[in-house]
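What follows is calculated from the coordinates using simple rules that are stated; it is not laboratory data. Keep in mind that what you see is a predicted model, and the values were worked out from it rather than measured. Cβ sites come from the backbone with ideal geometry, for glycine too, and all protein chains shown count toward neighbours.
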Amino acid sequence: MEVTYLEAIHQALEEEMHRDERVFLLGEDIGVYGGAFKVTQGLLETFGPRRVIDTPMCEIAIVGSAIGSAMMGMRPVAEIQFADFMACAFDQIVNVAGTSFYRWRAAVPIVIRAPSGGGVRAGPFHSQNPEAWFCHAPGLRVVVPATAYDAKGLLKSAIRDPNPVIFLENKYLYRRIKEDIPTDDYVVPFGQAAVRRKGSDLSLLAYGAMVHEALAAAEVLEQEGIDAEVLDLRTLVPLDEETVLASARKTGKVVITHEASRTAGFGAELAALIAERAFDYLDGPVLRVTAPDTPVPYSPPLEDFFRPDAAKIAEAARRLAAY
Amino acid sequence: MTLPNEDLLQIYEYMLLTRAVDDRIDLLFKQGKIEGVSFSSLGHEAIAVGAAWALGPDDVVAPLHRDLGAYLVRGITPRQVLAQFLGRRTALSRGRDGNTHGMGDLNLGILGYVSPLPDQLPLTLGAAMAFWVRQEPRVALAFFGDGSSSEGAAHETLNLASVLKAPAVFICENNQFAYSTPTKKQFAIENLADRAAGYGIPGVVVDGNDVLAVYDVVHKAVERARRGEGPTLIEAKTMRMRGHAAHDDAFYVPQELLAAWREKDPIRRFEAALRQQGLLSDELAEEIASRVAAAVDDATTFAEKSPFPEGREALEGVFCDV
Ligand SMILES: Cc1ncc(C[n+]2csc(CCOP(=O)(O)OP(=O)(O)O)c2C)c(N)n1
Ligand SMILES: [Mg+2]
């Protein structure tokens, strides 16, 4: 069945709620309205107001109460209306969810879903890519799906995982990509990167919406005789280090791309990993194609300059290929 | 407190201007000229204009997405507003932020709007705190919504403001909805103003569609704050007359509710009162209306002719260098 990235997420929620009665949803405008992006549309009608809870505006209480209910055996999936507003619940996410199991063996099987990413002219507070904040906080899984198949399979894994999972949906992809996905139950396990395109000259490491930009860049590069491999990381914590290292060792040239700003972004972590464990195989510097260190600007020319795309990735790849 | 006739007519003109700019924003959005989202202040004209009118020239205000009228009263021009919505370089945020977000000007005593709600509340308290520390007779006023009232930042701010007796005024615009969420799912009390008792400060409910009532209540609160007697929580009741933002058809809002509130339209009510008092003739009404229309047309031309920023400008000004 051909579904959008958004429908795939909706299906995962619906199927998991049928499969496991401990799963319930909470968030702002998710019930009657069906969510700001309509991801949860219809679920209130199917599961009722005790399993699809419309909350007041209260990110701290949404995440905190999700944690408490998880300690009582529930499997909450909290929606934060925009990933930017996860900052409002930062303390609950980082200090409470991320540390409880380590400190006193209280598992926190919660999922926090949030639309992230730009390219939709939504300005500084509805476009952010906060994955690195959460990768830096121990105890949190960080999931960044790039395809409809993965969005469904990774969300199912997230709901079944005994740990707190930050599930960053990419709002640019919601209705822009479609694919055939199986109708029977499947999961995509955490910590397994996907090689989206095999290549031998250089490696493009990406996740979320940037996977599609990297694939588009690879097409262009192919015309120019550069054979690029494209990796989709799928989950950042846990990270599939072996697939990343294998690709780096094979091609010896790596371009890392992410939509988030540059300094201390996840690209820095990948570059460090490659420097530590694949140094001898490198034929050139590890390059990063990222957003600059600025807030996400609103006006189209500013956002287009800000956001990495296929052309910017191809340009960096050409420089590296020439090494 | 009775205002001079001249003020009444200016208030009327600002309310009309607010609505005319808002209608133009709606049109520009429908024409595809405004990218992303766009918020409307329809129905909130009395609250925004009435409250801003009660402030002195050195006071500070933190308006939100429904408070176009407050921006205009404080001196932001329709040209600046439309340039902001169109993402042009001539806008106050130079294209970095959109719609009313980030539309601030400290020279006019306006704190730019931050999207996470209600982050403006602690900010406004901070402005009041600066006045309190320096013992200046100035006041800071913040708007927030019925939905925003549920956030932790609202509680922390009201409590600290009360403890310090800070010269601040907090106006909750209860427009019955927060996005799709009706007030009965937002809080389990009738009047948000009742929360003031829990902070040990006065709480007042006012008809948010009666501009002079709003002015009166805010004026008293501002002067009280200026005297060093501390903050006031005002709840102005009104109705959000369009969807949450331009993409939202507000299917969840009962038509009867909208119809009932349309009867209480703040501009028509004030206009009727002015006519009854003999302050507004047909000729004067026409003169004002054509002045407003000209201002909005001029602003549209200005905004549409303004250049977009160059892409590279995105890199400038992350850190202060002045
Ligand atoms: C912290 C935070 N959470 C969620 C949002 C998304 N959001 C934007 S406006 C809004 C509703 C605001 O309702 P209210 O405070 O009543 O103001 P109104 O729009 O009704 O004037 C929501 C949920 C936000 N801006 N900030
Ligand atoms: Mg509201």
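Charged neighbours of B:ASP26, selected by a Cβ distance under 12 Å, balance to +3 (K, R count +1; D, E count -1).
Neighbour counting of Cβ atoms within 10 Å sorts the residues B:ASP23, A:ASP84, fewest neighbours leading, into B:ASP23, A:ASP84. Placing one equal scatterer on every Cα of chain A and applying the Debye formula, the log10 ratio I(q)/I(0) at q = 0.10 Å⁻¹ is -0.55. Structural descriptor for chain B: relative contact order 22 percent, calculated from alpha carbon pairs under 8 angstrom and at least 6 residues apart. Beyond a 21 Å Cα-Cα separation, which of these cross-linked pairs lie in this structure: B:LYS185/B:LYS220; B:LYS30/B:LYS305; A:LYS38/A:LYS152; B:LYS237/B:LYS264; A:LYS152/A:LYS178? Violating the 21 Å limit, Cα to Cα: B:LYS185/B:LYS220. When you filter the GluC sites (Glu not before Pro) in region B:185-232 for DSSP loop state and at most 15 other Cβ atoms inside 10 Å of their Cβ, you are left with B:GLU190, B:GLU229. Neighbours of B:ASP7, meaning other residues whose beta-carbon lies under 14 angstrom from its beta-carbon, give a summed charge of -3 when Lys and Arg score +1 and Asp and Glu score -1.
Separation of region A:184-226 from region B:23-72 is 45 Å, based on Cα centroids.
Spin-label model, A:MET71 to A:TYR186: label points 7 Å out along the Cα-to-beta-carbon direction sit 3.8 nm apart. Magnitude of the charge dipole for region A:2-180, about its Cα centre and with charges confined to Cβ atoms of Lys, Arg (+1) and Asp, Glu (-1), is about 320 debye.
Placing dummy labels 7 Å off each Cα toward the beta-carbon, the span from A:ARG105 to A:ALA322 is 6.0 nm.
Using R₀ = 56 Å, calculate the FRET efficiency as 1/(1 + (r/R₀)^6) where r is the Cβ-Cβ separation of B:GLN135 and B:ARG275; round to 0.05.
0.80
Give the dimensionless ratio obtained when the Cα radius of gyration of region A:194-321 is divided by 2.2 N^0.38 Å. Walk me through the intermediate numbers first.
Details: Rg = 13.7 Å, N = 128, 2.2 N^0.38 = 13.9 Å.
Rounded to two decimals, the normalised Rg is 0.99.
Quick check on the exposure proxy: order A:TRP104, B:TRP261 from fewest to most C-beta atoms within 10 angstrom. Please report the intermediate quantities before stating the final value.
Details: A:TRP104 7, B:TRP261 19.
Placing the least packed residue first, the sequence is A:TRP104, B:TRP261.
Here region A:256-323 and region A:9-48 have alpha carbon centers that stand 36 Å from each other. Indicate the gyration tensor shape class of region B:195-295 (rounded, prolate or oblate), computed on the Cα atoms with a ≥ b ≥ c the square roots of the eigenvalues: a/c under 1.5 is rounded; otherwise a/b larger than b/c is prolate and the rest oblate. Oblate, because a/c is 1.5 or more while a/b does not exceed b/c. The residues B:MET239, A:MET1, when put in order of fewest to most other Cβ atoms within 10 Å, stand as A:MET1, B:MET239.
For peptide B:307-317, what's the mean number of Cβ atoms from other chains within 10 Å of each residue's Cβ?
Per residue, the average neighbour count from other chains is 5.
Note down the relative contact order for chain A as a percent, whole number, built from C-alpha pairs under 8 angstrom at least six residues apart.
On the way: 724 pairs, mean separation 52.7, N = 323.
RCO, chain A: 16 percent.
Lysines within cross-link reach of A:LYS312: Cα-Cα under 24 Å, excluding same-chain residues under 8 positions apart? Counting by Cα, and skipping residues close in sequence, A:LYS312 has these lysines nearby: A:LYS171, A:LYS198, A:LYS250, A:LYS253.
Provide the net charge surrounding B:GLY203, with neighbours chosen by a C-beta distance below 9 Å and charges set as Lys +1, Arg +1, Asp -1, Glu -1.
Numbers: positive: B:ARG195; negative: B:ASP194, B:GLU235.
Local net charge: -1.
Of the three principal axes defined by the Cα atoms of chain B, the extents in descending order read 55, 51, 41 Å. Put simply, the Cα atoms of the protein assembly as shown extend 85, 56, 51 Å along their principal axes, the longest span coming first.
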